[in-house]
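First up is the structure itself, then whatever we jot down about it.
The values are calculated or read from the model by the stated rules, or taken from the named source; none is laboratory data. As the structure is a computational prediction, the values presented were derived from the model and not from experiment. Positions of Cβ are backbone-derived with ideal geometry, glycine not excepted, and every protein chain shown enters the neighbour counts.
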Amino acid sequence: MDGVSTVPGPAALPFAELHLHLEGTLEPDLVLELAARNAVELPFADVEDLRRAYAFSDLQSFLDLYYANMAVLRTPQDFADMTTAYLARAARAGVRHAEVMIDPQAHVARGVPLEAVLEGVDEALSTSERDHGVSTALFAAFLRDRPESEALDVLHHLLGLHAPIVGIGLDSAEAGHPPSDFARLYDRARAEGLHLIAHAGEEGPPQYVVEALDVLGVDRIDHGIRALEDDALVQRLVDEQVPLTVCPLSNVALRAVDRLEDHPVLAMLDRGLNVSVHSDDPAYFGGYLDDNLAALTTSLGMTAGQRARLAENSIRAAVLPADRRAALLAEISRQER
Ligand code: ADE
Ligand code: ZN
């Protein structure tokens, strides 16, 4: 920390960040700093060289770099530094509550103990409200392109460690890896009283959104934009007000949507879907929550009213104590007057 408070002034509209992969916040300069700290060899000469690699053709091309860069994360201090850098930036973006995911399997598979991951992440999260004015919650996301049995083992280990997680998610390569493959994992997490979220309908078909709801019983869908291909599903999502955590810059960077000008998020909002806007992997996709909102203003002419509804939806869909939720919603309605 540079000693300058990042707690935002009272005028900023409060948002909850609900779709954020902590490992996706590794900015190129931090990747190189941690590589030097841990003597990890990377195939990049310098920051500019690495920055050039942050250009993708689809989800898998991004995931290849995302997992490769994780090699620099080795110690609790590395995880704490990554998390602290994100929280400071999130505060400047207007985020007042952040629900962040980690990918435990990606670290265990590299020989980094779960204890080290949790120690570093938790150190940063537990001081976030004091240092940045951002309350936090942690989700463990499981990799859908690895076997469910491995996910069950890792969940068991997390529970044994009393990991400070509020819920589980499902991420990584979507096509060909339906939610229904993870029914037992979600049953186990539900029995533990955990919140349930899953990526669905990012690159995968609308049917994966249906499975995430009906087989996994999720509370929220990460992305969900391909639900728009199925009118009956859209009507169901409207009727049930299922929260969809949509990530515009991510969708354009990974070519799920051609151009920001074509992004459906504001049309979804106006159709009565319960959407909110998030940043997914901000270091890789061109920006944080404020950058996503600015892009919607510039490219789609987002109005102040739409912006306030996105803020409100994000707070309503968050895992928050009732009094904090009410206080944040009251701030939004005061500013709308
Ligand atoms: N892991 C990190 N970012 C992801 C994304 N956008 N989709 C699926 N898995 C991810
Ligand atoms: Zn994601």
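Does Leu30 satisfy being surrounded by 17 or more Cβ atoms within 10 Å (Cβ to Cβ) and away from ligand 2 (no atom under 16 Å from the Cβ)?
yes
Could you identify the single residue in Asp187, Asp214, Asp181 that is over 20 Å from Leu138 (Cα atoms), without any contact (Cβ under 8 Å) to a residue 60 or more places away in the chain and more than 16 Å from ligand 1 (Cβ to nearest atom)?
Just a single option satisfies the conditions, and that option is Asp214.
Of all residues in the stretch 128-165, count the ones that are exposed (fewer than 15 other Cβ atoms within 10 Å of the Cβ), closer than 30 Å to Leu328 by Cα and out of contact with any Asp or Glu (no Cβ under 6 Å at 6 or more places or on another chain).
Result for the stretch 128-165: 2.
Would you please name the residue that is farthest from ligand 1 (Cβ to nearest atom), looking only at residues in the stretch 159-177 that are in a strand (DSSP E or B) and free of Cβ contacts under 8 Å to residues at least 60 places away in the same chain?
Ile168
When you check Asn69 against the structure, is it within 16 Å of ligand 1 (Cβ to nearest atom), polar (S, T, N, Q) and at pLDDT 95 or above, yes or no?
Yes; evaluated as a whole, the condition is true for this residue.
Given (1) more than 21 Å from Arg96 (Cα to Cα); (2) within 16 Å of ligand 1 (Cβ to nearest atom); (3) part of a loop (DSSP other than H, G, I, E, B), where does Gly287 come up short, assuming only one miss?
(1)
This table checks each residue for (1) within 16 Å of ligand 1 (Cβ to nearest atom); (2) assigned to a helix (DSSP H, G or I); (3) within 19 Å of the chain's Cα centre (by Cα); (4) free of Cβ contacts under 8 Å to residues at least 12 places away in the same chain.
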| site | (1), (2), (3), (4) |
| --- | --- |
| Leu13 | no, no, no, no |
| Glu23 | yes, yes, yes, no |
| Asp29 | no, yes, no, no |
| Glu33 | no, yes, no, yes |
| Ala36 | no, yes, no, yes |
| Leu42 | no, no, no, no |
| Ala45 | no, no, no, yes |
| Asp49 | no, yes, no, yes |
| Arg52 | no, yes, no, yes |
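Which residue pairs have Cβ atoms under 6 Å apart, sit 6 or more places apart or on different chains, and have a first residue in the stretch 239-255 that is more than 18 Å from Val319 (Cβ to Cβ) and a second that is among the charged types (D, E, K, R) and within 12 Å of ligand 2 (Cβ to nearest atom)?
Filtered contacts from the stretch 239-255: Cys247/Asp280; Ser250/Asp280.
Within the stretch 110-127, work out how many residues are outside any helix (DSSP H, G or I) and buried (at least 17 other Cβ atoms within 10 Å of the Cβ).
1
Take the residues in the stretch 66-109 that are outside any helix (DSSP H, G or I) and among the acidic types (Asp, Glu); name whichever of them is farthest from ligand 2 (Cβ to nearest atom).
Glu99
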